[in-house]
Amino acid sequence: MKIRIKSNSLRYRLTRSDVAKLTTERYLEDKVTFGNRALVYALKLSTADRLSASFSDDTITLCMSENMINELENTDRVGFEEVIAGLHLLVEKDFTCLDNVEEDQSDNYPNPLAAKIV
């Protein structure tokens with residue numbers, strides 16, 4: 001799971017194994033450590049039909065419904081987004097990059113634009 005934060009926008013990108021784990025365990029978490037503190041970012045399933053987010057105790061938690069994660073897992077749907085009180089939330093599949101990058105992308109979703117590049 002990756003996060004991107006810019007201004008008032010929060011974006012979570014999920015690999016295939018992230019989606020599978022979230023489907024079975026209903027919760028994902030990772031963190032960035034800064035010395036003796038950490039910023040934790042989490043994604044959990046909820047009963048609400050909309051995306052929501054909270055920040056408490058150095059943890060960003062984004063919530064999405066079970067229907068949303070099932071749709072990501074079982075369809076070609078790319079993601080879900082919501083704007084709440086000016087905060088833009090986005091959860092999406094993490095596609096392989098079209099550029100040559102050094103990071104391991106073996107768990108990413110195939111990029112639908114890759115077939116269009118010759």
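The numbers here are math on the coordinates, done by the rules we state, and not lab data. Please read these numbers as outputs of a predicted model, since none were measured by experiment. Don't worry about glycine lacking a Cβ; one is built from the backbone with ideal geometry, like all the others, and counts go over all protein chains shown.
Once the Cβ-Cβ distance between ARG37 and ASN74 is put in as r, and R0 is 35 Å, what FRET efficiency do you end up with, to the nearest 0.05?
The pair ARG37/ASN74 has a calculated efficiency of 0.35.
Among the DSSP beta bridges whose two residues both lie in region 2-98, what percent are antiparallel, rounded to the nearest 5? Mind showing how you got there, number by number?
Working: 24 of 37 bridges.
Percentage antiparallel, nearest 5: 65.
Around ARG50, with a cut-off of 12 angstrom between Cβ atoms, what is the net charge of the other residues, counting Lys and Arg +1 and Asp and Glu -1? Don't skip to the end; give the middle numbers.
Working: positive: none; negative: ASP49, GLU81, GLU82.
Net charge around ARG50: -3.
Testing the spin-label approximation: label points 7 Å from Cα along Cα→Cβ at ASN8 and ASP30. State their distance in nm.
If labels sit at ASN8 and ASP30, their model points lie 2.7 nm apart.
Could you compute the net charge surrounding LEU39? Neighbours are other residues with a C-beta less than 12 Å from the C-beta of LEU39; K and R count +1, D and E count -1.
Result for the local shell: -2.
Once you list every other residue whose beta carbon is under 12 Å from the beta carbon of ARG77, what net charge do they have if Lys and Arg are +1 and Asp and Glu are -1?
Within the 12 Å Cβ shell, the charges total -4.
Using amide H atoms built 1.01 Å from N in the peptide plane, name the residues 5+ places from LYS31, or on other chains, whose amide H lies under 5 Å from its own.
TYR41
Quick one: 3J(HN,Hα) in Hz for region 45-59, Karplus 6.51/-1.76/1.60 with θ = phi - 60°, rounded, Gly and Pro as x.
Calculated HN-Hα couplings, in order: 7, 9, 8, 5, 8, 10, 5, 8, 8, 9, 9, 8, 6, 6, 10 Hz.
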